Amino acid sequence: MLVLLGVLVVVIGFATRRNPLLVVGVAGIVTGLLGGLSPREVLAAFGDGFASSRAVTIFAITLPVIGLLERYGLQEQARSLIARFTKLTTGRFLALYLLLRQVTAALGLVSVCGPAQTVRPLVAPMAEGAAERAHGPLTDKAREKVRSFSASADNVGLFFGEDVFLAVGSILLITGFVNTTYDTHLEPLHLALWAIPTAICAFVVHGWRLLRLDRQLERELLTANATQPTATEAVK
Amino acid sequence: MIKAEWFYWLVGAIFLVMAAQMVTDRSNPKRLGTAAFWGLIGAGFVYSSWVVDHRAPAEPLGAAVLAMAALAGFGFTGRGTVRTTTGAERAASAARLGNRLFVPALTIPLVAMACAVGVKKLSIGGEPVLQKGSETILGLGIGAITALVVGMVMLREKRIATPVHAGRSMLEAMGWAMLLPQMLATLGTIFSVSGVGEEVGELTTKALPEDSLYLAVAVYCIGMFLFTVIMGNAFAAFPVMTAAVGWPVLIEQADGNAAAVLAIGMLAGFCGTLVTPMAANFNIVPAALLELKDQYGPIKAQLPTAVILLGCNIAIMSVVAF
């Protein structure tokens with residue numbers, strides 16, 4: 001039971017909003033030592049963990065070109081492009097992106113979209129642009145909300161699309177684990193097929209929530225933008 | 001053959017060059033700490049090549065990782081003033097360049113797609129062009145470099161320092177969030193070797209109700225969800241929960257359809273990934289990239305969807321697997 005103290009460190013650390021790097025570092029050391037590793041083995045575990053997980057940081061390679069394009073007005077252009085499509089509200093646009101993300105992930109194209117390569121430079125500014133066109137200037141709170149939902153469309157689309165693809169890590173993990181542990185034979189195709197009902201639910205549920213975002217924004221910004229004109233009117 | 005390690009070295013080199021820029025950036029009050037943090041990450045990226053081959057000890061790298069965590073965690077890192085274009089300049093440039101600006105931006109996904117679909121199958125002299133198993137990473141890397149070349153030619157930008165500088169200010173803005181996914185991957189490994197999984201599996205078996213199939217389905221799915229929230233990763237939760245509940249109770253005892261039980265169980269775990277800060281690469285890094293004030297913004301946007309989908313998974317499994 002003692003090793004579960006490491007989990008407790010993580011929960012308390014995140015709940016009290018300590019710096020996550022420190023929380024995770026301390027939790028790793030505590031769990032490792034309680035679990036019977038020597039200090040040297042704990043150090044080696046941190047080293048091995050860093051070395052074998054470099055793939056999650058490789059998106060940094062896209063930052064120079066994204067930064068360069070942003071200097072030249074990429075986000076501004078994304079905003080003004082979306083403003084031309086008057087039917088495309090923030091919610092509808094994000095639901096379309098959700099669908100695109102899900103379909104490409106289901107075809108195995110997981111790194112075609114992502115927070116660094118598509119959400120920051122294109123999707124979030126377009127979602128903001130659509131909201132600005134419909135409701136006027138965004139409050140800080142509304143802007144945060146639009147950006148958060150842009151990130152959420154990317155995640156939901158990826159998670160519930162990729163499992164429909166046969167050769168994705170999670171499917172291979174299932175077949176690898178079950179076929180060796182229980183001496184049976186599962187086909188990746190069957191697993192991928194059973195991921196389809198949830199994939200449809202995910203699109204319906206999150207798509208519906210994205211469409212509802214339009215109404216939420218309208219309500220929030222109507223009150224926020226209504227107080228401003230009355231203030232100027234009073235000055236007149 | 002194009003190897004994944006080359007791209008790790010390239011990323012490491014970019015971090016090292018940025019660290020060198022940071023040392024001389026007098027607008028950053030914490031320039032030395034910041035440069036040390038990114039310099040260590042860059043050097044770690046290169047040194048790791050020998051660690052994964054077991055040709056160099058992992059302990060020095062582990063010490064460096066803890067030093068990085070301490071540098072960022074105790075507030076020794078900061079950011080300089082961003083020297084970039086003004087809003088008016090950007091608007092003017094966007095008006096001048098128009099939709100051509102999208103060409104380099106879309107080059108990244110298009111090249112990544114081409115690598116995943118086409119180049120993956122190519123081989124020269126019997127050896128695949130892209131290292132097997134790393135095609136997605138390589139596609140992203142090749143896409144980013146192609147896009148940079150296309151962008152610099154199109155914008156007539158001659159100094160390579162300009163994109164590096166622009167990328168650096170994004171990195172500085174993200175700060176510690178950049179390292180968190182790799183730290184968490186490490187924590188997951190330590191959790192597994194220390195036996196956290198077995199403990200949780202035992203607790204779940206105790207919580208398991210007798211003779212109620214649908215409650216057992218709920219325990220499996222909710223267990224996957226909660227354990228994924230703790231570990232930050234459904235892959236770590238899957239073997240534990242499947243060994244505790246999924247295989248012995250749902251598949252052997254209740255004679256459930258194995259493919260349906262396991263596939264949907266994994267997806268119940270993915271619902272947990274949507275709501276945990278432990279899955280930093282999906283939830284915290286995007287918040288930092290989008291410069292959100294609330295680092296939990298994406299999680300809050302995903303929470304209701306995750307809970308509803310967990311319910312959907314329980315319902316779907318109950319209906320289709322038995």
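Just so you know, all these numbers are worked out from the coordinates, no wet-lab data involved. Bear in mind that the values here come from a model prediction, so they are computed numbers and not experimental data. Glycine gets a Cβ as well: all are built from the backbone with ideal geometry, and neighbour counts include every protein chain shown.
What to note about this one:
- Karplus-derived HN-Hα couplings along segment B:156-167 (A = 6.51, B = -1.76, C = 1.60, θ = phi - 60°), whole Hz, x at Gly and Pro: 6, 9, 9, 8, 5, 5, 5, x, 4, 4, 5, x
- Approximating the spin labels as points 7 Å out from Cα along Cα→Cβ, the B:ARG159-to-B:THR205 distance works out to 6.6 nm.
- For the residues B:ARG90, B:ARG31, B:ARG79, a GNM of chain B with alpha-carbon springs under 10 Å puts the largest fluctuation on B:ARG90.
- GNM on chain A, alpha-carbon springs under 10 angstrom: the most fluctuating residue among A:GLY36, A:GLY73, A:GLY91 is A:GLY36.
- If R0 is taken as 35 Å, the Cβ-Cβ distance between B:LEU122 and B:ALA56 corresponds to a FRET efficiency of 0.60.
- When B:ILE142, B:ILE108, B:ILE41 are sorted by how many other C-beta atoms sit within 10 angstrom of their C-beta, beginning with the fewest, the order is B:ILE142, B:ILE41, B:ILE108.
- With a 10 Å cut-off around each Cβ of A:8-16, the average count of Cβ atoms from other chains is 2.
- Per-residue ³J(HN,Hα) for segment A:99-110, Karplus 6.51 cos²θ - 1.76 cosθ + 1.60, θ = phi - 60°, Hz, x for Gly and Pro: 5, 4, 5, 5, 5, 5, 5, 5, 8, x, 9, 6
- Helix B:87-97 axis, angle to chain B major axis (alpha carbon atoms, nearest 10°): 90 degrees
- With θ taken as phi - 60° and the Karplus curve 6.51 cos²θ - 1.76 cosθ + 1.60 applied, the whole-hertz 3J(HN,Hα) list for segment A:126-133 is 5, 4, 5, x, 5, 5, 5, 5 Hz, x standing for glycine and proline.
- A cut-off of 5 Å between modelled amide H atoms, ignoring neighbours fewer than 5 places along the same chain, links B:LEU130 with B:ILE2.
- Among the chymotrypsin sites (Phe, Trp or Tyr not before Pro) in segment A:30-92, those located in a DSSP loop and surrounded by at most 14 other Cβ atoms within 10 Å of their own Cβ are A:PHE85.
- Shielding by partners, peptide A:208-220 (average Cβ within 10 angstrom, other chains): 1
- Cα gyration tensor, chain A - rounded (a/c under 1.5), prolate or oblate: prolate
- Using a 4.7 Å Cβ-Cβ cutoff, the cysteines of the protein assembly as shown lacking any partner cysteine are A:CYS113, B:CYS115, B:CYS221, B:CYS271.
- Global form of chain B, assessed from the alpha-carbon gyration tensor, a/c cut-off 1.5: prolate
- Total charge dipole magnitude, the protein assembly as shown, about the Cα centre, Cβ charges on Lys, Arg, Asp, Glu only, Debye to nearest 20: 2500 debye
- In this structure, the amide hydrogen of A:THR139, modeled 1.01 Å from its nitrogen in the peptide plane, lies closer than 5 angstrom to no residue at least 5 positions away or on a different chain.
- For segment A:4-52, the gyration tensor built on C-alpha atoms gives an oblate shape. Its axis ratio a/c (a ≥ b ≥ c) is at least 1.5, and a/b is not larger than b/c.
- Within 10 Å of each Cβ in B:62-71, the average number of Cβ atoms from other chains: 6
- Within the listed set A:LEU100, A:LEU222, A:LEU109, the Gaussian network model of chain A (springs between alpha-carbon atoms below 10 Å) gives the highest mean-square fluctuation for A:LEU222.
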